[in-house]
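Some notes on the structure that comes next.
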Amino acid sequence: MIDLACFSREDYDLLLEVAVRFRALPSTGPRRIPALQGRFVTTLFFEPSTRTRSSFEIAARRLSADVLSFSPAGSSLCKGESLLDTALTYVAMGADLLVVRHCSSGVPAALARDLAATGQGHVGVLNAGDGLHSHPSQALLDLLTLASHFCPQAPTTAALAGKRIAIVGDVVHSRVARSNLWSLTACGADVHLCGPPTLLPDCFVDFVRSPPPGIGVDPVARRGQVRLFRQLDAALEGVDAVVTLRLQRERMREQLITTPESYHRSYGISRARLDRCGPSVPVLHPGPVNRGVELSGDLLDDSRRCLVNVQVANGIPVRMALLYLLAAAGN
């Protein structure tokens, strides 16, 4: 499970259906179900994470899987062991599923290929974020959050058809934005990308027209459109939801904005700006949020308009669904 570019609309609907079923489990009393009892899930995180790592581990435990967390600090990587040999060590210990996060694009895919080449193709590899490439589980929990907002009784891909979703901010450094482009357009939503040229190159207008290597034919017959905007107010006109992105200053190799204050004035989402879209238009953010930069503090604290905490909560059933379906595929 590396990239959403290979997902059909039916794949998204299956994922949403399973996630909704897991989300409906009782919130009190014993929370574990035996779906992955006897399975071994390893989280290989070579990059810091709070939400993604924690929710994958909670998801695995709720499915009754055994969970082992890996951290590069103090591991044999410091002694020169390769990433593949590290993964093979966990496979030798019985790992069935590897959840991999890495700062370099393509590492989970390369690991999956290398495992297959060594006769370990039965081991599932799930991409938990790789470089600037992809963050499929985040895009899927965003999809569940939006579908549930638009149609609480039937959160399917049909709930997104014809909607306009604005994605605002540091698109060039965002693997979340890339995955959201694949998922939202597959569901028939039109996407308004907005940001300064330094954070949103013109080439993103053609992003979903060029499937990545290995995918010869787009599995989605008709996608929604992608439009680029430089002015935030124009991008927000007529939209049904807003996804704002974190300024990833740790990935910036040069000064791409003047100051956080000037960025907020031009591209920050405030309550006044969101109100212009309509009283029921929500705002999402993959987290962590730079308070007062991407989102105003009062809006971030408004649970009626800001769905950040809903996204975090939806991360658990979505990741349960991913682990369950990937384990089923490996049987």
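The values are calculated or read from the model by the stated rules, or taken from the named source; none is laboratory data. From a predicted model like this one, the values you see are computed outputs, not experimental measurements. Ideal geometry is used to build each Cβ from the backbone, glycine not excepted, and the neighbour counts take in all protein chains shown. Just so you know, the surface numbers come from the protein's heavy atoms only, side chains and all, with ligands and any DNA or RNA stripped out. Shrake-Rupley method; radii C 1.70, N 1.55, O 1.52, S 1.80 Å.
Measure off, as a whole percent, the carbon and sulfur share of the 1.4 Å-probe accessible area of the chain, all protein chains present.
The C+S portion of the solvent-accessible surface of the chain is 52 percent.
Lys/Arg Cβ at +1, Asp/Glu Cβ at -1, dipole of the stretch 141-261 taken about the Cα centre: which of LEU184, ILE167, THR244 is farthest positive-ward?
Towards the positive end, the residue furthest out is LEU184.
What distance in nm separates the two pseudo spin-label positions at CYS103 and LEU84, each 7 Å out from Cα along the beta-carbon direction?
It works out to 2.3 nm between the two label points.
Are there DSSP H segments in the chain that both extend 20 Å or more along their axis (alpha-carbon positions) and score a mean Kyte-Doolittle hydropathy of at least -1.0? List them, or say none. Intermediate values should be presented prior to the final figure.
On the way: long enough: 9-23 (21 Å, -0.29); 136-150 (21 Å, 0.75); 308-329 (31 Å, 1.32).
Span-like helices here: 9-23, 136-150, 308-329.
Binning every alpha carbon pair distance of the stretch 1-40 at 5 Å from zero, what are the percents per bin?
The calculated distribution, bin by bin, is 5, 17, 18, 19, 20, 14, 6, 1.
Just to confirm the filter: which trypsin sites (Lys or Arg not before Pro) across the stretch 195-233 are DSSP coil and have at most 15 other Cβ within 10 angstrom of their Cβ?
Answer by residue number: ARG222, ARG230.
With r defined as the distance between the Cβ atoms of ALA154 and LEU25 and R0 fixed at 25 Å, what FRET efficiency is calculated, to the nearest 0.05?
On the way: r = 19 Å, r/R0 = 0.75.
It comes to 0.85.
Which of rounded, prolate, oblate describes the stretch 108-184, given a ≥ b ≥ c as roots of the alpha-carbon gyration tensor eigenvalues and a/c under 1.5 marking rounded, otherwise prolate only if a/b is larger than b/c? All intermediate terms of the calculation are to be shown ahead of the outcome.
On the way: a/c = 3.76, a/b = 1.75, b/c = 2.14.
It comes out oblate by the Cα gyration axes.
Using a basic spin-label model with each label point 7 Å from the Cα along Cα→Cβ, how many nm lie between SER54 and ARG271?
Modelled inter-label distance: 2.7 nm.
Roughly what % of DSSP beta bridges within the chain run antiparallel, to the nearest 5? Write down the numbers at each step before the final one.
Working: 1 of 34 bridges.
So the antiparallel bridges amount to about 5 percent of the total.
In Å and whole numbers, how far do the C-alpha atoms of the stretch 151-227 stretch along each principal axis, longest first?
40, 30, 18
Mind checking the full-extension length gain between ALA313 and SER280? Use 0.36 nm per residue of separation minus the Cα-Cα distance, one decimal, nm.
Numbers: separation 33, 0.36 × 33 = 11.88 nm, distance 2.03 nm.
Using 0.36 nm per residue and subtracting the Cα-Cα distance, I get 9.8 nm.
Go through LEU88, LEU111, SER49 and say which Cα lies farthest out towards the positive end of the charge dipole of the stretch 1-135; charges sit on Cβ, +1 for Lys and Arg, -1 for Asp and Glu.
Of the options given, the answer is SER49.
Can you give the alpha-carbon Rg of the stretch 1-106 over 2.2 N^0.38 Å, where N counts its residues?
That works out to 1.22 for the stretch 1-106.
Run through every distinct alpha carbon pair of the stretch 92-244 and return the Kirkwood hydrodynamic radius in angstroms, one decimal place.
Details: mean 1/r = 0.0598 Å⁻¹.
It works out to 16.7 Å.
If you count only protein heavy atoms with a 1.4 Å probe, what accessible area per residue comes out for the chain, rounded to a whole Å²?
Details: 14340 Å² over 331 residues.
Accessible area per residue: 43 Å².
If the only charges are +1 at each Lys and Arg Cβ and -1 at each Asp and Glu Cβ, what is the size of the charge dipole of the chain around the Cα centre, to the nearest 20 debye? Walk me through the intermediate numbers first.
Values: 34 positive and 30 negative charges, 100 e Å.
The dipole of the chain has a size of about 480 debye.
With each pseudo-label sitting 7 Å past Cα toward Cβ, what's the ALA116-ILE33 distance in nm, one decimal?
3.0
How large is Rg/Rh for the chain, to two decimals, with Cα atoms and a Kirkwood Rh?
Details: Rg = 19.5 Å, Rh = 20.3 Å.
Rg divided by Rh gives 0.96.
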